[in-house]
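Before any comments, here is the structure.
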Amino acid sequence: MTTRWRVLLAFQTLGVVFGDVGISPLYTLNVKSPVQEKDDVIGALSLVLYTLLLITFVKYVLVVLWANDNGEGGTFTLYSLISHHAKISLIPNQLRSDALISSFRLKVPCPELERSLKLKEKLENSLVLKKLLLVIVLAGTSMVIADGVVTPAMSVMSAVAGLKVGVDAVKQDQVVMISVAFLVILFSLQKYGTSKMGLVVGPALLIWFCCLAGIGIHNLVKYDSSVYRAFNPVHIYYFFKRNSVNAWYALGGCILCAAGSEALFADLCYFSARSVQLTFVCLALPCLTLGYMGQAAYLMENHADAGRAFFSSVPGAAFWPVLFIANVAALIASRTMTTATFSCIKQSTALGCFPRLKIIHTSRKFMGQIYIPVLNWFLLAVCLVVVCSISSISEIGNAYGMVEFGVMMTTTILVTLIMLLIWQINMVLVFAFLIVFLGVELIFFSSVIASVGDGSRIILVFAVIMFGIMYVWNYGSKIRYETEVEQKMSMDLMRELGSNLGTIRAPGIGLLYNELVKGVPAIFGHFLTTLPAIHSMVIFVCIKYVPVPVVPQNERFLFRRVCTKSYHLFRCIARYGYKDVRKENHQVFEQLLIESLEKFIRREAQERSLESDGRNDSDSEEDFSGSTLVMGPNGSMYSMGVPLLSEYRDLNKPITELNTSSNHTSHHPFDTSSESSVSEAEQSLERELSFIHKAKEIGVVYLLGHGDIRARKDSWFVKKLVINYFYAFLRKNCRRGTANLSVPQSHLMKVDMTYMYGGLCNYNFPRGLDFIASVGDGSWIILVFAVIMFGIMYVWNYGSKIRYETEVEQKMSMDLMRELGSNLGTIRAPGIGLLYNELVKGVPAIFGHFLTTLPAIHSMVIFVCIKYVPVPVVPQNERFLFRRVCTKSYHLFRCIARYGYKDVRKENHQVFEQLLIESLEKFIRREAQERSLESDGRNDSDSEEDFSDSTLVMGPNGSMYSMGVPLLSEYRELNKPITELNSSSNHTSHHPFDTSSESSVSEAEQSLERELSFIHKAKEIGVVYLLGHGDIRARKDSWFVKKLVINYFYAFLRKNCRRGTANLSVPQSHLMKVDMTYMV
């Protein structure tokens, strides 16, 4: 490390770590110091010095800093460190393979030390201890977040209050206004990061420490140097003996000298423990000691200035420069605790104890330097409320001491556990540490609690709210994970789904994201139920955060095979540490994943060749004993045991080239019968690797398994309140998985599933505007409420208008539909798909997004639009308005279901489907009748271009389909047994819909009957509801107000309004949600 780099690092250390503890002389002796005589000054100084030495130096600098997890500090780091050695997490997603990660640095307790093993066993087997430990950690973390609010308020107001010493005309209201302005500037600069801000504020804090030392030496020389007697701790006893209760109350202000001690540990992720220790001992501690001694020397002769000791003790000539430096240092101190709050929130999010938020990494060199925009502005808002509502520095100091001691006691308990479980220190030293520090902190804490006022209650309520958010999130996540584990699919169920639904293997790779680390998620069966088509290769991907700071890149992915080899189903656990930065885009992620998969397959083959494969899949899935036959949409048979492996064709080749190649050679590219010098095992390996490469070339689609939970109706009221409302609210408004994955919408499909756990008034307004003058506080509340309701309605109307206009602009053209069908090899799966959207004209863009993510659509698709018209009631026989989309053979329709504002939608989904199909049949019969009367001159009202020719596409087995006549000329009933289908094909050679059969009815009537019969058979197979959910986001170059309205206010209303699934009354087994985001 060069000298220049060491200097820069030292400046950053001062600016980031020591700001909070360095600013404490501004307010420590000002708060609750009962100074009546010189001996009281000596006693107060002795109490401050020994508190600083005992808590900050001995506890934190000498002991706690060593309880770091690979350089990470903070409350959750201690919890993570304990979880390395004992399975204390309530979410049961731990695997034995996690302990093999090199950054775990696991030290197994020695067998000789029975207490470590017994403690480990008790922690792992006792649910009560696990919950108690979690509650302690969450309570400490909530205090850290509250500290991120109080520290800026206390520091900035104390610094600005110096104006009242220099200018007599300045009042407390002006101090509050200036403090508000400084706080807004402070939080606005947070986005520039720790490195950039550290280099700027580091020199300023160095000047501040020099000022403290200089002022202290000046006052010692000028006033009274006898204050050095405070190093004798007996003066603490005399101080309490003289003042008794007042001295006890003064403890709440005395602890402020150790404020910022937790920030030393929480901000450790930015620097090494040794550098923090050396900087504190060599610079911070001497300067702080001189500063406190200088204030005490001044108070020896000026008892009346005890309420503003610091600024009164500054020499007159240096007052304004010191005031300026003090305000800069106060802003630095505020940043210190805010930065520590960011680090703590990131760690708690990774360990499943806080909702996901957007995290911005501000440094390319240091992974731990982060900025959380939502939390930053939230802390600013609460901080401004505290500053404006609590004008007393003493009251804010009391709240400050309360949150500081809450964090300190949590740290003491967790470090004690680390001493017992990991460090394995002698019991005498452990109990000495616990008794001394926890006892001292409880004494201080009792003083703070006894003087809780209205201001302190605000901070206490805020801390309780944050604790509630974290506990509800952890509890809901635990319940959701346990429910997914209980409802995971068995191999028998997978076999049953494949046989009943006629599963088709579409070319490509599907990455199904879920949170299960073991087993096949139930949402996979839901996906097959709603659309019976899966990719030729499916990988169940689980993003898992393990309790380590960093996971090496070569240990990132953990693979296991699911089912037999021919199924091409894998499970992948992508492991990240809470300090890891997921900056790779989806292409890089896919490349790394495929490379790791290939390594796993090669290693698996090598182990088998060495006859050391005795390991089965860790989830103990039952292998399939035989090949299961299923049927594709054209009636041909597929062996689900060997999907696409024995019938694979490259879709990128032209059709003519495929036909030519089939004439030149009769064996498949993967033909195992070809003679080769390599062994059969090597051939199998090469075939599988080649299959993976070809599937990767075709494309990768991300399938997000999003599982919600709902409490059962017979559940306890509190449980329903927590799960159905509080946890659901947090899930809706946290950062979505799509944003964390950085996946473009064109490669993304979201699959939802829900688990069941366990009138107008008339007012007589006064005439004129005289009533405004008499508006009081109560009236203002009603007025504000009315303005809020107006804003909600206006934002909703504005956002809905923008969203609809955007969908109209981006609707699909017929050329684009033809292009999608040709490029993706669209497969028509049996059944009816009802694609819900809000367009009344044209094909929605989300339909193309659906085809892009999974190239398979139902044999009949109806675009359904629920439209409310400005009439009270729409008659039942006028409810549905149908139009045909594309040519007749495409079986694409548009349906507008019209309702009046007085209509009640009470019908369930079966009744709705029956009414819709009956109306569709009436439309088709009327259309045929009009054509027979040569009155068909009407084209579709949307003027969609008809297809002039039939587009040939290729199915996954290499056979050709005519997209112009999908399933109409190749239809087979899936409910018939395979033997019955074969025998029926022997008895007759014509298709059930064969148009060449002689009949006495006209060709038009035959066509009508064929289409109606097709509709009936598709209805019998099943109806699936495809919800087209389009979100909008303002572009980056949009006006600030527009981005605020669209990206936050309107998005918040959309997330928390009643979902379309609830309005439709559709069961989850018939539902698939397709998301898409438009940029406006």
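The values are calculated or read from the model by the stated rules, or taken from the named source; none is laboratory data. Keep in mind that what you see is a predicted model, and the values were worked out from it rather than measured. Counting neighbours? That spans all protein chains shown, and the Cβs are built from the backbone with ideal geometry, glycine included. Note: areas computed on protein heavy atoms with side chains; ligands, DNA, RNA excluded. Shrake-Rupley method; radii C 1.70, N 1.55, O 1.52, S 1.80 Å.
Of note:
- In the stretch 370-383, the residues that are assigned to a helix (DSSP H, G or I) reach residues that are among the aromatic types (Phe, Trp, Tyr) with C-beta atoms within less than 9 angstrom, at least six apart or across chains, in these pairs: Leu375/Phe342; Asn376/Phe187; Asn376/Phe342; Trp377/Phe187; Leu379/Phe187; Leu380/Phe187; Val382/Phe462; Cys383/Phe187.
- Residue check, Ser334 modelled with pLDDT of 80 or more, open to solvent by 10 Å² or more (accessible area, probe 1.4 Å), within 27 Å of Leu206 (Cβ to Cβ) and part of a helix (DSSP H, G or I): no
- Subset of the stretch 225-254 (residues that are within 53 Å of the chain's Cα centre (by Cα) and closer than 23 Å to Ile215 by Cα): Ala230, Phe231, Gly253, Cys254
- Some residue of the stretch 33-51 being on the phi > 0 side of the Ramachandran plot and in contact with a Ser or Thr (Cβ under 9 Å, 6 or more places away or on another chain): no
- Restricted to the stretch 878-935, and to residues there that are within 18 Å of Leu835 (Cα to Cα) and of a type in the set (Gly, Ala, Ser), the residue that is least open to solvent (accessible area, probe 1.4 Å) is Ala897.
- Of the criteria (1) open to solvent by 50 Å² or more (accessible area, probe 1.4 Å); (2) modelled with pLDDT of 80 or more, which one Leu420 fails: (1)
- Any hit, the stretch 43-66, residues being under 40 Å from the mean Cα position of the chain (by Cα), open to solvent by 10 Å² or more (accessible area, probe 1.4 Å) and at pLDDT below 85: no
- Identity of the residue in the stretch 772-800, open to solvent by 100 Å² or more (accessible area, probe 1.4 Å) and either of a type outside the set (Phe, Trp, Tyr) or within 28 Å of the chain's Cα centre (by Cα) (or both), that ends up modelled with the lowest pLDDT: Asp777
- The single condition from (1) crowded, with 16+ Cβ neighbours inside 10 Å; (2) on the phi < 0 side of the Ramachandran plot that Gly842 fails is (2).
- Residue satisfying condition, being at pLDDT 65 or above, within 22 Å of the chain's Cα centre (by Cα), of a type outside the set (Ser, Thr, Tyr) and in a strand (DSSP E or B), within set Arg710, Arg735: Arg710
- Among the residues of the stretch 255-285, those that are more than 35 Å from the chain's Cα centre (by Cα) and either over 20 Å from Ile449 (Cα atoms) or at pLDDT below 85 (or both) comprise Ile255, Gln277, Leu278, Thr279, Phe280, Val281, Cys282, Leu283, Ala284, Leu285.
- Residue in the stretch 215-236 that is in a helix (DSSP H, G or I), in contact with an Asp or Glu (Cβ under 8 Å, 6 or more places away or on another chain) and at negative phi present: yes
- Remark: Ser742 matches the filter, which requires a residue to be at pLDDT below 85, under 23 Å from Ser477 (Cα atoms), surrounded by 11 or more Cβ atoms within 10 Å (Cβ to Cβ) and of a type in the set (Gly, Ala, Ser).
- Phe324 vs. criteria more than 21 Å from Val160 (Cα to Cα), aromatic (Phe, Trp, Tyr), open to solvent by 20 Å² or more (accessible area, probe 1.4 Å) and assigned to a helix (DSSP H, G or I): no
- Filter result for Ser620 (of a type in the set (Gly, Ala, Ser) and at pLDDT 75 or above): no
- Residue in the stretch 349-368 that is under 45 Å from the mean Cα position of the chain (by Cα) and part of a helix (DSSP H, G or I) present: yes
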